[in-house]
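Student: I am attaching a structure below and will ask some questions about it afterwards.
The values are calculated or read from the model by the stated rules, or taken from the named source; none is laboratory data. Treat the numbers as computed from the prediction; the structure is a model and nothing was measured. In this analysis, Cβ positions are derived from the backbone assuming ideal geometry, glycine residues included, and neighbour counts consider all displayed protein chains.
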């Protein structure tokens, strides 16, 4: 049993003191370690730090990778990836746990890399980045060739040498790192940079791109398996030829490029034709064109000569035309003479018909026909005149019966104003207005002296007894009716 006094002799710690003492003990006891495990529970918060667990079959250890280190890692950590990390063991006092602060990370063996490669390949293929209908053929003879590779390796020298041998072209080099941390970002930026060049830039836009590097291990070529590079190659508008490593090597950019070359040198051969072969081909085509043209001309010359043999000569054609002209002139002269003879005969026949005795008989016949026609016309005119006279006599009494003269004969009169219009109402008679009174046997002109007033002799009403006029008053006009 523990003595109570011995318990009281133990050193007393606060929680913080003990936690930090353990932290110092762990850091002093282990320091930097190299640890192998599988990534689990990977977290990428907005701060840019990476948090994860590293596990094997029996244990789990927390790990953290600060933002500055995470940006320089040679690989992109993924869930389930088996890695080897280098860092220092430390404790996290607020969580009562220990963890490793990661300073470097690499893949744990080629098998793990290949598994990751296959998983990524399936993922990108499912997105359609490797579809054949996305790919285009490089131009037959590009003016400008863009190359994305390391400027210091033998690869760029081999490409330039092969291009110069086959068909010298203008070459633009975009230098990049082809392995290690940051290589994938530089390669993707180079592809996008070449595509962003326009016609107005001082640097010409390439007609074809070559992305290449020499051979190496899976780890050395890993930058060309990163998603950022594969996506940049798949979205390139400029036809892209990939040449990564040697014939057995393959990377994911090979599936996204428009054409894969087995070696960097082969990429240069794919980019441009062989000038000597092109010159020989042009010479062959020229010879075939000359030969075919010559044969065609010979055939046409023979055909023209054959047709010419069937044609008459100019003199013969002129003689025939002269002969036809002579025959036509003779026919025209004979026809003219015949026309004149026929006209003479018709004239003589007409002259015989115009003798005096013939003319006299014709004139007598015409006079008889004219006399008969005149007699018929005279009888017709007399008959029409008699008929119209009879109808007119019948209409005259009827017209007289409706005429106002008959009314005037019975003692009535027609009164007209200055304008000649009948005055039918006393209201139209205005003082000073001239009037014409038509009677049965003549007209009387008068002037109205007392107009626009109804009077007994204008309005046919019962006549009242007239008032006596003052003595000495007389009507200067007198009564009209």
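Student: Criterion first (touching a residue at least 40 places away in the same chain (Cβ under 8 Å) and loosely packed, with under 15 Cβ neighbours inside 10 Å) does residue 31 satisfy it? Steps first, please.
Tutor: Details: touching a residue at least 40 places away in the same chain (Cβ under 8 Å): yes; loosely packed, with under 15 Cβ neighbours inside 10 Å: yes.
When the stated conditions are applied, residue 31 passes them.
Student: Another question about this same structure. For the stretch 59-78, does any single residue satisfy the condition of being crowded, with 16+ Cβ neighbours inside 10 Å, outside the structural domain of residue 182 (by TED's automatic domain parsing) and in a helix (DSSP H, G or I)?
Tutor: yes
Student: Which condition number does residue 137 fail, the rest of (1) assigned by TED's automatic domain parsing to the domain that holds residue 186; (2) surrounded by 14 or more Cβ atoms within 10 Å (Cβ to Cβ) being met?
Tutor: Going through the list (1) assigned by TED's automatic domain parsing to the domain that holds residue 186; (2) surrounded by 14 or more Cβ atoms within 10 Å (Cβ to Cβ), residue 137 breaks only (2).
Student: Confirm whether residue 230 is within 25 Å of residue 272 (Cα to Cα) and either in a helix (DSSP H, G or I) or modelled with pLDDT of 95 or more (or both).
Tutor: yes
Student: Somewhere in the stretch 45-55, is a residue on the phi < 0 side of the Ramachandran plot and in a helix (DSSP H, G or I)?
Tutor: Checking the stretch 45-55: not a single residue is on the phi < 0 side of the Ramachandran plot and in a helix (DSSP H, G or I).
Residues are listed down the side, and each one gets a yes or a no for (1) at pLDDT below 95; (2) in contact with a helix residue (DSSP H, G or I) (Cβ under 6 Å, 6 or more places away or on another chain); (3) under 24 Å from residue 114 (Cα atoms); (4) outside the structural domain of residue 254 (by TED's automatic domain parsing):
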| site | (1), (2), (3), (4) |
| --- | --- |
| 148 | no, yes, no, no |
| 151 | yes, no, no, no |
| 167 | yes, yes, no, no |
| 174 | no, yes, no, no |
| 185 | yes, no, yes, no |
| 220 | yes, no, yes, no |
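Student: Hey, another quick one. Could you tell me which of the residues 75, 84 is without any contact (Cβ under 8 Å) to a residue 60 or more places away in the chain and within 18 Å of residue 179 (Cβ to Cβ)?
Tutor: 84
Student: Something else about it: Name the one entry in 256, 303, 280, 337 that is modelled with pLDDT of 90 or more and either out of contact with any strand residue (DSSP E or B) (no Cβ under 7 Å at 6 or more places or on another chain) or assigned by TED's automatic domain parsing to the domain that holds residue 138 (or both).
Tutor: 256
Student: Return yes when residue 293 is in a helix (DSSP H, G or I), exposed (fewer than 10 other Cβ atoms within 10 Å of the Cβ), free of Cβ contacts under 8 Å to residues at least 60 places away in the same chain and not assigned by TED's automatic domain parsing to the domain that holds residue 156 and no when it is not.
Tutor: Judged against the criteria, residue 293 is not a match.
Student: May I pose another question? Go through the stretch 190-205 and give me each residue that's in a loop (DSSP other than H, G, I, E, B) and surrounded by fewer than 17 Cβ atoms within 10 Å (Cβ to Cβ).
Tutor: 198, 199, 200, 201, 202, 203, 204 - these are the residues of the stretch 190-205 that are in a loop (DSSP other than H, G, I, E, B) and surrounded by fewer than 17 Cβ atoms within 10 Å (Cβ to Cβ).
Student: Would you say residue 208 is under 43 Å from the mean Cα position of the chain (by Cα) and crowded, with 23+ Cβ neighbours inside 10 Å?
Tutor: yes
Student: Which members of the stretch 150-178 meet the condition of being outside any helix (DSSP H, G or I) and within 13 Å of residue 212 (Cβ to Cβ)?
Tutor: At the first step, the residues of the stretch 150-178 found to be outside any helix (DSSP H, G or I) are 150-153, 167-178.
The answer is 150, 151, 153, 171, 173, 174, 175, 176, 178.
Student: Just one of 261, 184, 223 is within 21 Å of residue 76 (Cβ to Cβ) and under 44 Å from the mean Cα position of the chain (by Cα); which is it?
Tutor: 184
Student: Which one is modelled with the highest pLDDT, of the residues in the stretch 91-109 that are assigned to a helix (DSSP H, G or I) and loosely packed, with under 12 Cβ neighbours inside 10 Å?
Tutor: Looking at the filtered set, the residue picked out is 94.
Student: Shifting gears a bit: Please enumerate the residues belonging to the stretch 265-290 that are under 45 Å from the mean Cα position of the chain (by Cα) and in contact (Cβ under 8 Å) with a residue 12 or more places away in the chain.
Tutor: 266, 267, 268, 269, 270, 271, 272, 273, 274, 275, 278, listed by residue number.
Student: I would also like to ask the following. Taking the stated definitions as given, is residue 253 touching a residue at least 12 places away in the same chain (Cβ under 8 Å) and assigned to a helix (DSSP H, G or I)?
Tutor: Yes: the conditions hold for residue 253.
Student: Same structure again: I'm trying to understand the selection: among the residues of the stretch 168-187, which are closer than 26 Å to residue 279 by Cα and surrounded by fewer than 18 Cβ atoms within 10 Å (Cβ to Cβ)?
Tutor: 168, 170, 172
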